[in-house]
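Enquirer: Would you mind keeping the following structure in view while I ask a few things?
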Amino acid sequence: MDKYKVTHRLLKQSIKSLVNRQLTSNNPIYRSISALPLGSGGRNPQLYRSFGSLATKVERNPSFSSLNSDDVSYFKGVLGENNVVQDEDRLETANIDWMHKYKGSSKLLLFPRNTEEVSKILEYCNSRRLAVVPQGGNTGLVGGSVPVFDEVIINAGSMNKIIAFDKVSGILVCEAGCILENLISYLDNQGFIMPLDLGAKGSCQIGGNVSTNAGGLRLVRYGSLHGNVLGLEAVLANGDVLDMLGTLRKDNTGYDLKHLFIGSEGSLGIVTKVSILTPPKLSSVNIAFLACEDYLSCQKLLSEAKRKLGEILSAFEFLDSHAMDLVLNHLEGVRNPLPSAVHNFYVLIETTGSDESYDKEKLEAFLLHSMESGLISDGVLAQDINQASSFWRIREGVPEALMRAGPVYKYDLSIPVEKMYSLVEEMRLRLGQSANVVGYGHLGDGNLHLNVSAPRYDDKILAQIEPYVYEWTSKHRGSISAEHGLGLMKANEIFYSKSHETVQLMASIKKLLDPHGILNPYKVLPHSLCSYS
């Protein structure tokens, strides 16, 4: 019998036979970005830019200076020749996001090696009014980590040291350029885990994760970075270093300023070091891949999982049949764990605990009850680490499959769980046969990844999506940015989720910490509130 298949009959009659093993752990297509030169004679004719998913044109801040040879000489004196990059090929990669949707025209890429060098760079840029873009792994989806015009790129990749790890408290202190997957591997060897796990973990850096308040696959268990980051170090626009690198669980002395930098996308300061609380690695990990026939069943299954699995529930992900089809058709080596029938929805559940027999008993009882009550129609449990990885590959592979399928409009939304999939269904009615509307995401924390896959980027399709998707989300008291940030894509849409008074206060904080506006300009805040003085 195929060990991959657990049928309805087997789940009802022989649930004890399920194996509960311990686990240890294209062609890019993009919409053209047009530069609209106005006037002549200047060194940088690109004064305005329009982007594929941005309805309004972006105007270059006229108060910003342009790079000259003296600037380059200064940076070489601070960083050394090898850490000041002007090579066109390397700049081409740094100027464009991984989706090939947003492209800047920076002429300089800097690799500081420590906080002191970041401070010197920013102090100089602030005095010269040279705009800068902090960049980590450049895995963002909203244009937040690439230049809009000719901003100097500051990449944290050379700041990749683990500074300290306390095995008693589980507190890790590291530099911002550490790649997430490297931190995961380091902690695994220490008997701990990162509370954050992302599909882009092989490229993204912890400084970028903190700066975007990345959510990831296990937020339902471990919470957001606002709860896990105990302290950080950040450099302000004028070069001042804020040492908030605390390692205390409790510190109620004044305003907790680190939270200003978590999720601010490098617009208030550049994060250079992080201290983060990491949980111990538990010995019993189980992964189930299940099928549901309707979204209501997915909701009820989540409710039951929280009640019946309780403290061992560590992930609850979902994808619809459109997402599954894309993965199976566009990713090499991926197979359907439930090949006997086509299902409308798929759910991946992970449990993590310390008692194998206890966890196994809870999970088996949950699966049996869910099958008997009709919440799931089929399912399979991972029997070894390879199967577990193959299940996660399906869920984590959806973004890659969408990119391989062609042009895609991506939206990252927080919506009350009972309303989440209604937006997907309504978008399908609006677009008809002109596009493939795909829904998947973190059901456990109400985060929908709405994707519209189209034959080509088309203004007519975009007009059907925006602003409708933002209006719908606002109407249902949701957020237009769950975990990807606002970046350039959604800076002008912030009012759909935040009040004018709230946004005005954000702009005041930005003005206080970055008076010249050199840090990641044109991002996060609406352009109408960005002063050019």
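Enquirer: What are the residues in the stretch 499-525 that are part of a loop (DSSP other than H, G, I, E, B) and either more than 25 Å from the chain's Cα centre (by Cα) or crowded, with 18+ Cβ neighbours inside 10 Å (or both), if any?
Expert: Once the filter is applied, which keeps residues that are part of a loop (DSSP other than H, G, I, E, B) and either more than 25 Å from the chain's Cα centre (by Cα) or crowded, with 18+ Cβ neighbours inside 10 Å (or both), the stretch 499-525 yields Asp514, Pro515, His516, Gly517, Ile518, Asn520, Pro521, Tyr522, Lys523, Val524, Leu525.
Enquirer: Continuing with the same structure: Suppose the filter is open to solvent by less than 30 Å² (accessible area, probe 1.4 Å), among the small types (Gly, Ala, Ser) and closer than 24 Å to Glu311 by Cβ; does Ala388 pass it?
Expert: It is true that Ala388 is open to solvent by less than 30 Å² (accessible area, probe 1.4 Å), among the small types (Gly, Ala, Ser) and closer than 24 Å to Glu311 by Cβ.
Enquirer: Report yes if Val229 is β-branched (Val, Ile, Thr) and open to solvent by 40 Å² or more (accessible area, probe 1.4 Å), otherwise no.
Expert: It is false that Val229 is β-branched (Val, Ile, Thr) and open to solvent by 40 Å² or more (accessible area, probe 1.4 Å).
Enquirer: For the stretch 252-269, does any single residue satisfy the condition of being touching a Phe, Trp or Tyr at 6+ places or on another chain (Cβ under 8 Å), among the small types (Gly, Ala, Ser) and in a loop (DSSP other than H, G, I, E, B)?
Expert: Yes.
Enquirer: Could you tell me whether Ser158 is among the polar types (S, T, N, Q) and at pLDDT 95 or above?
Expert: When the stated conditions are applied, Ser158 passes them.
Enquirer: Could you please let me know if Ile153 is open to solvent by less than 40 Å² (accessible area, probe 1.4 Å) and aliphatic (A, V, I, L, M)? Don't jump to the end; show me each part of the working.
Expert: Details: open to solvent by less than 40 Å² (accessible area, probe 1.4 Å): yes; aliphatic (A, V, I, L, M): yes.
Yes.
Enquirer: Within the stretch 332-357, which residues are closer than 22 Å to Asp197 by Cβ, open to solvent by 10 Å² or more (accessible area, probe 1.4 Å) and hydrophobic (A, V, I, L, M, F, W, C)?
Expert: Across the stretch 332-357, the qualifying residue is only Val334.
Enquirer: Here are some residues: Lys258, Lys300, Lys281, Lys306. Which one is within 30 Å of His516 (Cα to Cα) and either open to solvent by 60 Å² or more (accessible area, probe 1.4 Å) or within 21 Å of the chain's Cα centre (by Cα) (or both)?
Expert: Just a single option satisfies the conditions, and that option is Lys258.
Enquirer: Out of all the residues in the stretch 96-112, which are open to solvent by 30 Å² or more (accessible area, probe 1.4 Å) and in a loop (DSSP other than H, G, I, E, B)? Explain how you work it out, then say what you get.
Expert: Of the stretch 96-112, the ones open to solvent by 30 Å² or more (accessible area, probe 1.4 Å) are 98, 100, 103, 107, 111.
Those that are open to solvent by 30 Å² or more (accessible area, probe 1.4 Å) and in a loop (DSSP other than H, G, I, E, B): Trp98, His100, Lys107, Phe111.
Enquirer: Here's another thing I want to ask about it. Considering the stretch 165-189 alone, what residues qualify as being part of a helix (DSSP H, G or I) and either among the aromatic types (Phe, Trp, Tyr) or open to solvent by 50 Å² or more (accessible area, probe 1.4 Å) (or both)?
Expert: Correct list: Glu181, Asn182, Ser185, Tyr186, Asn189.
The values are calculated or read from the model by the stated rules, or taken from the named source; none is laboratory data. What you see is a predicted model; the values in this text were computed from it and never measured. Ideal geometry is used to build each Cβ from the backbone, glycine not excepted, and the neighbour counts take in all protein chains shown. The protein model used for the area step is the full one, side chains on, heavy atoms only, and it has no ligands, DNA or RNA in it. Shrake-Rupley method; radii C 1.70, N 1.55, O 1.52, S 1.80 Å.
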